[in-house]
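Below is one structure, written out as structure tokens, with a few remarks after it.
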Amino acid sequence: MDLAVMQYSVDKIRADFPILKQMIRKYPLVYFDNGATTQKPVKVIEAVDRYYLTINSNIHRGVHYLSNEATDAFEQARKRVATFINAPESREVIFTKGTTESINLVANSLAGFLLKEGDEVMVTEMEHHANIVPWQMVCERVGAKLKVVPISDSGELLVESLDSLLTERVKIIAFAHVSNVLGTINPVQEICAKAHERGILTLVDGAQGIAHQTVDVQSLGCDFYVFSGHKMYAPMGTGVLWGKASLLESMPPYQGGGEMIDKVSFTGTTYNVIPYKFEAGTPDVGGVIGLMAAIDYLTEIDFGSALEYEEGVMHYAYESLKQIEGLRFIGDAKRRTGVISFILNGAHPYDVGSILDHQGIAVRTGHHCAQPLMDRFAIPGTVRASFSIYNTREEVDKLVAGLKVAANMLL
Ligand code: PMP
């Protein structure tokens, strides 16, 4: 363990997240639902506050002072995101309202343009609905087919199967960086290399990757990387689509409206350059400024050390949960991060979650917007504990104790 990790003070980090100080049902809050959304540090909350208190204004169109200040801050945020994910150019960063919108944008823009009748779109068995349904919808529209890469019982993608699945009909493969149910870290570079050898585009759903890995889109080698701000300590309603400039430039716009145009007349419209071509309408300027504050916060606290610390807590949780009789993990990949899913044999995940909630412990239960994955494992749902840079081993001990209470009551 390097010095920075040894010096990582979780107490200091926790002090940055006031919500964690709360008592829930007379118990100190234990928040293990970070995969759904992370809590926000004071710096992010203050940055959003400051925006509304001092420079709230619409961007890109005003001549006045506030509009210029807001535009500068918004464009600075774009640069900050580009640096955070090592994008070659900041114009490749498109602000959306989240992962879901980013995927819908790419899917809809490619429909009819790249995707035509008889083509195929490849997703995987472990995808979130956000990376299935938009593709299904555009496939239906253009007469293309959705194909699925299978996974093993331990929750790893059967990457070898890509050799036969990636035929010349496949136009794009869209897959999770990290599974929101299994925690599996997919071999992004290997998949992208296989796809690109065959001229197939790649979209990586980074919703769960962005908060648990340092992301370098150039070294990952993908064509599109998408994520949500709210899962990385930033406000809700913010998200990013990163795409290679050459691709984004050739793709048609997704939504029409203000900002995305160059010249409008009733006989026809020409479009703005990227990124604006894909940013129709007024964006969540305050939220994007909050996203910039979240990136600054992660940089200040040394994100790499924070992740190593978090990994230690997650490993501790995994080993501790193993001791609970009747607990079965769903997903046991060699490379995993962020989330641990399990079922207590015989107990419905919802009942387990409710009993934990009565002890102030927040976990997620259900299908986690991954119903095909639940079908794959023939289960109705799981209990999911998901981790963050502010969780502690003491909290893990409380989770284990809480689960023992649930097991006693339910089994
Ligand atoms: N993909 C994955 C892997 C996710 O975990 C989530 C959020 N649970 C999404 C997509 C959708 O993210 P959002 O709701 O922020 O658009």
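The values are calculated or read from the model by the stated rules, or taken from the named source; none is laboratory data. Because the structure is a prediction, the values reported are computed rather than measured. Methodologically, a virtual Cβ is constructed for each residue, glycine included, from the backbone with ideal geometry; neighbour enumeration extends over all protein chains shown. These accessible areas exclude ligands, DNA and RNA; they are computed on the full protein's heavy atoms, side chains included. Shrake-Rupley method; radii C 1.70, N 1.55, O 1.52, S 1.80 Å.
I'd like the distance between the alpha-carbon centres of the range 147-185 and the range 212-229, rounded to an integer number of Å.
Distance between centres, Cα-based: 17 Å.
When the chain is fully extended, how far beyond the present Cα-Cα distance does R50 get from H129, taking 0.36 nm per residue of separation?
24.9 nm
What distance in nm lies between label points placed 7 Å from Cα along the C-beta direction at Q323 and E394?
1.8
Using the Karplus equation 6.51 cos²θ - 1.76 cosθ + 1.60 (θ = phi - 60°), what ³J(HN,Hα) coupling, rounded to whole Hz, does each residue of the range 384-396 give in order, writing x for Gly and Pro?
3J(HN,Hα) across the range 384-396, in whole Hz: 10, 9, 10, 10, 8, 5, 10, 6, 10, 5, 4, 5, 4.
Relative contact order for the range 45-299 using alpha-carbon pairs under 8 Å, separation at least 6, rounded to a whole percent?
24
I'd like the distance separating the alpha-carbon centroids of the range 300-370 and the range 49-69, in whole Å.
After rounding, the separation between the Cα centres reads 42 Å.
Label the range 1-129 by shape, choosing from rounded, prolate and oblate, from the square roots a ≥ b ≥ c of the eigenvalues of the Cα gyration tensor; if a/c is under 1.5 it is rounded, and otherwise prolate applies when a/b is larger than b/c, oblate when it is not.
It comes out oblate by the Cα gyration axes.
Expressed as a whole percentage, what fraction of the accessible surface of the range 45-299 belongs to carbon and sulfur atoms when a 1.4 Å probe is rolled over the protein heavy atoms?
53
What are the residues whose amide H is under 5 Å from the amide H of V170, where those residues sit 5 or more places off or on another chain and H is modelled from the backbone?
Amide H neighbours of V170, under 5 Å, 5+ apart: E120.
Note the full-extension length gain between E300 and D216 as 0.36 nm times their separation in residues minus their Cα-Cα distance, in nm to one decimal.
Between E300 and D216, full extension yields 28.4 nm more.
Quote the FRET efficiency, to the nearest 0.05, computed for V159 versus V63 with a Förster distance R0 of 51 Å and r equal to the Cβ-Cβ distance.
It comes to 0.40.
Rounded, prolate or oblate: which one fits the chain, using the alpha carbon gyration tensor with axes a ≥ b ≥ c (rounded when a/c is under 1.5, else prolate when a/b beats b/c, else oblate)?
oblate
Could you report the range 255-411's accessible area per residue, 1.4 Å probe, as an integer in Å²?
Heavy-atom SASA per residue in the range 255-411 reads 43 Å².
Expected output is a single nm value to one decimal: the length gained when fully extending between R25 and S152, i.e. 0.36 nm times separation in residues minus the C-alpha distance. What is it?
Full extension from R25 to S152 adds 41.7 nm.
Between A401 and Q7, take the C-beta separation as r, use R0 = 30 Å, and let me know the FRET efficiency to the nearest 0.05.
Between A401 and Q7 the formula returns 0.55.
Can you work out ³J(HN,Hα) from phi for every residue in the range 215-227, in order, using Karplus 6.51 cos²θ - 1.76 cosθ + 1.60 and θ = phi - 60°, giving whole Hz and x for Gly and Pro?
Values, residue by residue: 9, 10, 5, 6, 6, 5, x, 8, 8, 9, 10, 10, 7 Hz.
Where in the range 76-143 are there GluC sites (Glu not before Pro) that are in a DSSP coil and have at most 11 other Cβ atoms within 10 angstrom of their Cβ?
Within the range 76-143, the qualifying GluC sites (Glu not before Pro) (loop, at most 11 other Cβ atoms within 10 Å) are E117.
How big is the antiparallel share of DSSP beta bridges in the chain, given as a percent to the nearest 5?
Antiparallel: roughly 60 percent of the beta bridges in the chain.
Just in the range 96-162: which trypsin sites (Lys or Arg not before Pro) are loop by DSSP and have at most 15 other Cβ atoms within 10 Å?
The qualifying sites are K116.
With each run of n ≥ 4 DSSP H residues scored as -39500 (n - 2.57), what mean residue ellipticity at 222 nm is computed for the chain after dividing by its residue count and rounding to the nearest 500 deg cm²/dmol?
Taking each H run of at least 4 residues, the total per residue is -11000 deg cm²/dmol.
Taking a spot 7 Å from the Cα of T269 along the direction of its beta carbon, which residues of the range 61-75 have an amide N less than 20 Å from it?
61-62
Within the range 280-344, list the trypsin sites (Lys or Arg not before Pro) lying in a DSSP loop whose Cβ has at most 12 other Cβ atoms in a 10 Å radius.
K334, R335
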